[in-house]
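The values are calculated or read from the model by the stated rules, or taken from the named source; none is laboratory data. The structure presented is a predicted model; accordingly, all values stated were derived computationally and were not measured. Cβ coordinates were reconstructed from backbone atoms using ideal geometry, including for glycine residues, and neighbour counts include every protein chain displayed. Quick note on the areas: whole protein, heavy atoms, side chains included, nothing else; ligands and nucleic acids left out. Shrake-Rupley method; radii C 1.70, N 1.55, O 1.52, S 1.80 Å.
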Amino acid sequence: MADELQTHEASGRRARFKAAIALVVFLALLALPYVLVPDQFYLWAKAFHVIAVISWMAGLFYMPRLFIYHTDAPEGSVQSETFKVMEQRLLKVIMNPAMMISWLFGLYLAWEGFRFQGGWLHAKILAVVLLTLAHVHQSHWVRRFAKDAPRKPARYWRMMNEIPTVLMILIVILVIVKPFA
């Protein structure tokens with residue numbers, strides 16, 4: 001019965017194994033257009049970049065919500081321990097890989113498509129650096145919550161939830177409108 005619980009270590013091993021398989025499948029999917037239609041690889045890279053960004057943003061939006069609920073859960077409670085598992089898996093299985101893939105494809109696209117030229121692109125990269133700092137901040141707090149360290153109030157996490165939203169809006173405007181071109 002314990003093996004069926006999502007908070008059990010065996011469940012975590014299965015999640016890591018599934019994530020590794022997903023990564024291998026992703027790399028195979030990436031290799032196919034590179035080999036079969038190399039002249040269209042830029043478009044495939046753009047599609048994979050957008051997919052990774054959507055995944056990363058979903059994590060950046062959801063993690064502060066988990067922190068809000070975790071803040072309200074008594075330390076050592078079943079609820080608190082469940083939130084710890086949820087936060088760890090969200091960070092390690094979704095957010096970290098999605099951030100790395102977003103950066104890799106984003107840098108490729110910035111070089112291949114624009115040779116790192118354009119004020120809009122420099123502003124976008126700065127906004128993505130700030131988004132990465134928000135990710136690092138959330139990663140830090142996943143570790144703090146895991147140790148039952150003193151917590152910030154739920155109100156703090158409600159405010160922190162807005163930072164990725166504002167940065168995402170700015171990034172989308174910079175990419176679509178391309179001011180300072």
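The residues listed here are 45, 52; of these, the one that is surrounded by 12 or more Cβ atoms within 10 Å (Cβ to Cβ) and within 16 Å of the chain's Cα centre (by Cα) is 52. If you go through the range 150-164 and keep only what is within 10 Å of residue 60 (Cα to Cα) and among the small types (Gly, Ala, Ser), you end up with nothing.
From the list 131, 104, 109, the one residue that fits, being touching a Pro at 6+ places or on another chain (Cβ under 8 Å) and either closer than 24 Å to residue 44 by Cβ or acidic (Asp, Glu) (or both), is 131.
Test residue 149 against the stated conditions and say whether it is open to solvent by less than 40 Å² (accessible area, probe 1.4 Å) and assigned to a loop (DSSP other than H, G, I, E, B). Criteria met by residue 149.
Among 157, 141, 111, 120, which is assigned to a helix (DSSP H, G or I), at pLDDT 95 or above and open to solvent by 50 Å² or more (accessible area, probe 1.4 Å)?
Working: 157 fails: open to solvent by 50 Å² or more (accessible area, probe 1.4 Å); 141 fails: open to solvent by 50 Å² or more (accessible area, probe 1.4 Å); 120 fails: open to solvent by 50 Å² or more (accessible area, probe 1.4 Å).
Result: 111 is the single residue among 157, 141, 111, 120 that is assigned to a helix (DSSP H, G or I), at pLDDT 95 or above and open to solvent by 50 Å² or more (accessible area, probe 1.4 Å).
Given the criterion within 17 Å of the chain's Cα centre (by Cα) and aliphatic (A, V, I, L, M), identify the matching residue among 154, 146, 110, 127.
Details: 154 fails: within 17 Å of the chain's Cα centre (by Cα); 146 fails: within 17 Å of the chain's Cα centre (by Cα); 110 fails: within 17 Å of the chain's Cα centre (by Cα).
Unique residue meeting the criteria: 127.
Taking the condition at pLDDT 90 or above and either among the small types (Gly, Ala, Ser) or in contact with a Pro (Cβ under 6 Å, 6 or more places away or on another chain) (or both), does residue 12 pass? Judged against the criteria, residue 12 is not a match.
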